[in-house]
Amino acid sequence: MAFYGKFWSATVAAVLVGGLAQAQNTKPESLASNQSTDKILEAISVTATRNPIKSFEYPGMVTVVGRAEIQSRQASTPADLLNFVPNVEFSGGPRRTGETPSIRGFDGADVIIMLDGARQNYGSAHDGRFFVDPALLKRVEVLRGTASSLYGSGGTGGVIEFRTVDAEDLLEPGETAGVSTSVGYQTVNREPTATLRAFGRPAEGLDFVGSITKRISGSIELGDGEKLDQTDDDIISGLAKASYSFADFHRIEGAFVSFRNKAEEPNVGQGAGGSDIVQKDIRSDTSRLSYSYENPMNNWLDLDLTAYYTETQADELRLDGNGAGPQGQLLKRDVDTLGGRLDNRSRLVFSDDIAMTLTYGGEYYQDSQDGAADAAERDGVPDAEASFYGVFAQSEITLANPFGDGTGEFLFIPGIRYDNYETTSTLASDNKSDQVSPRLGLTYMPTDWLMVFSNYGSAFRAPTFDELFLTGVHFQIPVGAGVTNRFVTNPNLKPQRTRTVEVGGGLSFDNVMRRNDHFEVKSSYFRIKGEDFIDLSVNQPALFVACNPFIPGNCDGTTTSDNVANAKLWGVEIELSYESDRLLFAFGFSKLDGVNEATGAKLGVLTPNEYTFNTGVKLPEIDAIVGWRMLLADKFDNVNSAADARDGFAVHDLYFTWEPKDKDWRGFRLDVGLDNIFDKSYSRVFTDANEAGRNFKTLVSYSYKW
């Protein structure tokens with residue numbers, strides 16, 4: 001309670017300070033006449049509502065990571081981009097193939113990952129979920145909280161959507177084409193990188209972009225002075241995208257995103273890993289075709305239609321006999337997703353004070369998985385198929401001056417979605433169900449600088465292939481006659497369901513200390529009630545206590561997925577930012593807790609209280625920015641086992657960007673960074689390996705446009 005008292009006291013103080021700053025905005029323009037006239041733009045989210053909305057006004061928490069931050073981060077993996085987003089955690093260890101995200105304590109299939117509107121549904125207990133290079137991206141949106149009313153199964157934790165770069169992001173008005181190249185290096189894993197890109201608008205309505213990136217990396221230097229070996233990656237990724245606008249309001253777009261990684265590492269790439277080394281051949285291709293119709297004179301029709309096919313393959317060749325199979329054995333996991341989605345927006349104006357945007361449509365996608373160990377079935381990777389279809393509708397209703405002139409504006413966002421799914425396999429009976437996911441969000445802005453919001457949403461997540469149809473050997477213990485733990489199917493699993501209540505508020509000011517600067521803070525408190533949580537249960541008798549391992553089969557155990565009756569999670573998030581022509585500052589805070597209400601045990605991917613800071617000084621005299629970032633975490637002891645506790649830590653980064661505007665240097669850019677400058681030794685939750693140590697990195701880029 002002491003924390004919340006301080007939190008709300010700070011919020012009230014911020015309101016008073018903000019009010020004073022607002023009053024100071026009446027100062028004569030001459031006091032700021034020597035300052036920049038370029039207005040700082042507020043973040044716009046599309047993922048939150050399937051319709052552009054200011055992230056500040058949305059009744060919930062959504063973070064937009066734009067292209068400027070992507071470039072300054074010199075990110076090697078998506079985790080490098082998102083580790084400063086409140087209540088987003090990566091617990092797979094420092095290997096890129098083990099990176100798995102969690103949002104508000106939910107991970108795996110509870111987090112929807114999308115690439116330009118195409119679902120990325122590859123899932124594995126010990127492999128990563130990200131198969132896209134940051135060099136191809138222009139923005140990332142993270143919607144935290146229930147999202148099933150728009151996105152269906154998996155919207156319990158939230159949505160991470162990656163959006164690839166377009167030609168219009170690279171060309172200025174009057175330019176028609178260009179090429180760019182960049183080369184870089186980071187020391188922590190001896191990783192060189194290079195990107196080559198071509199883009200253009202060769203004719204009216206036609207644009208294209210093609211990009212290819214190469215990365216090669218080796219062992220990772222950790223903060224404790226040790227090295228994490230067997231972390232070799234050889235990556236090539238590419239993007240080909242073209243669009244054509246015709247007949248004024250019609251547009252078609254085709255895109256192909258490819259990712260290839262030849263890695264050499266332990267079979268389980270997360271944490272420290274084991275002694276069983278494999279050669280991984282990871283391939284992910286996403287093909288997409290889209291059509292849109294947007295006529296500003298037609299309030300009824302604003303149409304988007306997307307069809308996509310995602311093909312992901314992870315082959316593992318055993319290089320030794322230290323694992324569960326012989327040297328030379330080839331393990332395969334193929335996951336394909338074929339899907340399509342149709343959205344339309346109808347905009348209605350009922351009066352000067354009442355307007356509505358109605359977003360509605362339908363979605364269908366089908367997942368299939370194929371596993372093999374040489375010519376036989378692969379344990380723990382069942383052959384199965386799943387099909388989903390859903391229909392949805394969501395309104396954005398604005399009501400101005402609800403209590404008379406000058407009383408602000410309400411934004412109501414009611415929504416509902418119906419989903420039906422069926423998962424089949426020859427290993428057990430089918431699993432099928434349907435779900436209705438309602439939500440209601442409300443924002444009230446009594447002034448243009450103050451907002452409060454509340455949000456209720458119901459979400460669900462269907463059981464995955466692996467949870468339903470696990471078979472074969474999980475692990476073996478070479479004691480006595482030998483101990484074997486086997487997977488057991490459970491086709492009767494129910495979908496995991498949650499109900500979330502969220503309240504919060506925010507402040508937003510322009511012209512606080514300098515002309516056209518922008519200050520914004522937004523905070524949220526949420527409570528999540530869950531039913532039928534899906535949990536993996538490992539039932540293994542204690543050797544020499546509950547069984548005799550010298551009796552064949554006496555100590556064998558089982559692993560299966562079960563539903564946990566009731567669960568509860570709750571937490572707090574704060575995001576604050578300030579930017580002017582001279583300074584940028586950002587602060588984030590996250591707090592999370594969760595329990596199994598039946599047993600009192602901790603539940604979910606819980607995390608310590610975390611604080612993030614980002615301060616940058618702009619130097620327009622030399623067209624540069626110099627900055628400092630810090631990630632600070634409290635001691636983590638909110639655990640069921642003492643082995644999961646973690647010490648607190650603080651990690652500091654420095655960065656510098658120089659992008660000269662002088663005509664003799666135009667097109668040139670230099671990025672320099674130093675991550676973990678004090679070589680801090682620390683580890684994330686539920687990971688048995690330390691994170692990367694001190695890392696010097698640099699990237700030199702040049703573009704030529706005409």
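The values are calculated or read from the model by the stated rules, or taken from the named source; none is laboratory data. A quick note: this is a predicted structure, and the numbers were derived from the prediction, not measured. A quick note on method: Cβ atoms are made from the backbone with ideal geometry, for glycine too, and the neighbour counts reach across all protein chains shown.
Annotations for the structure displayed:
- Looking only at region 320-369, and only at residues there that are part of a loop (DSSP other than H, G, I, E, B) and touching a residue at least 12 places away in the same chain (Cβ under 8 Å), the one that is nearest to Thr47 (Cα to Cα): Asp353
- Region 145-224 holds strands (runs of 3 or more DSSP E) entirely within its bounds, and those carrying 1 or more residues that are within 23 Å of the chain's Cα centre (by Cα) and among the basic types (Lys, Arg) map to 158-164, 206-217.
- Residue satisfying condition, being small (Gly, Ala, Ser), surrounded by 15 or more Cβ atoms within 10 Å (Cβ to Cβ) and under 20 Å from Glu99 (Cβ atoms), within set Gly210, Gly238, Gly223, Gly200: Gly223
- The residues listed here are Ile277, Ile282; of these, the one that is farther than 22 Å from Gly123 by Cβ and within 30 Å of the chain's Cα centre (by Cα) is Ile277.
- Considering residues of region 370-380 that are in contact (Cβ under 8 Å) with a residue 60 or more places away in the chain and over 28 Å from the mean Cα position of the chain (by Cα) only, the residue surrounded by the fewest Cβ atoms within 10 Å (Cβ to Cβ): Glu377
- Test: Val595 is under 29 Å from Gly154 (Cβ atoms) and either touching a helix residue (DSSP H, G or I) at 6+ places or on another chain (Cβ under 7 Å) or crowded, with 22+ Cβ neighbours inside 10 Å (or both): no
- Scope region 636-661; condition touching a residue at least 12 places away in the same chain (Cβ under 8 Å), surrounded by fewer than 16 Cβ atoms within 10 Å (Cβ to Cβ) and assigned to a loop (DSSP other than H, G, I, E, B); matching residues: Val639, Asn640, Asp647, Gly648, Pro660, Lys661
- Considering the conditions (1) over 30 Å from Leu348 (Cβ atoms); (2) touching a Ser or Thr at 6+ places or on another chain (Cβ under 7 Å); (3) surrounded by fewer than 21 Cβ atoms within 10 Å (Cβ to Cβ); (4) modelled with pLDDT of 95 or more, Thr471 is excluded by exactly one of them, (4).
- Residue check, Ala546 surrounded by fewer than 16 Cβ atoms within 10 Å (Cβ to Cβ) and among the hydrophobic types (A, V, I, L, M, F, W, C): yes
- Yes/no for Gly128 being surrounded by 23 or more Cβ atoms within 10 Å (Cβ to Cβ) and either over 30 Å from Phe526 (Cα atoms) or out of contact with any Cys (no Cβ under 9 Å at 6 or more places or on another chain) (or both): yes
- Filter result for Gly504 (within 21 Å of the chain's Cα centre (by Cα) and either surrounded by 22 or more Cβ atoms within 10 Å (Cβ to Cβ) or not in a loop (DSSP other than H, G, I, E, B) (or both)): no
- Region 559-592, subset crowded, with 18+ Cβ neighbours inside 10 Å and small (Gly, Ala, Ser), residue farthest from the chain's Cα centre (by Cα): Ser580
- Subset of region 668-687 (residues that are surrounded by 15 or more Cβ atoms within 10 Å (Cβ to Cβ) and either in contact with a Gly (Cβ under 8 Å, 6 or more places away or on another chain) or part of a loop (DSSP other than H, G, I, E, B) (or both)): Asp671, Asn676, Ile677, Asp679, Lys680, Ser681, Tyr682, Ser683, Arg684, Val685, Phe686, Thr687
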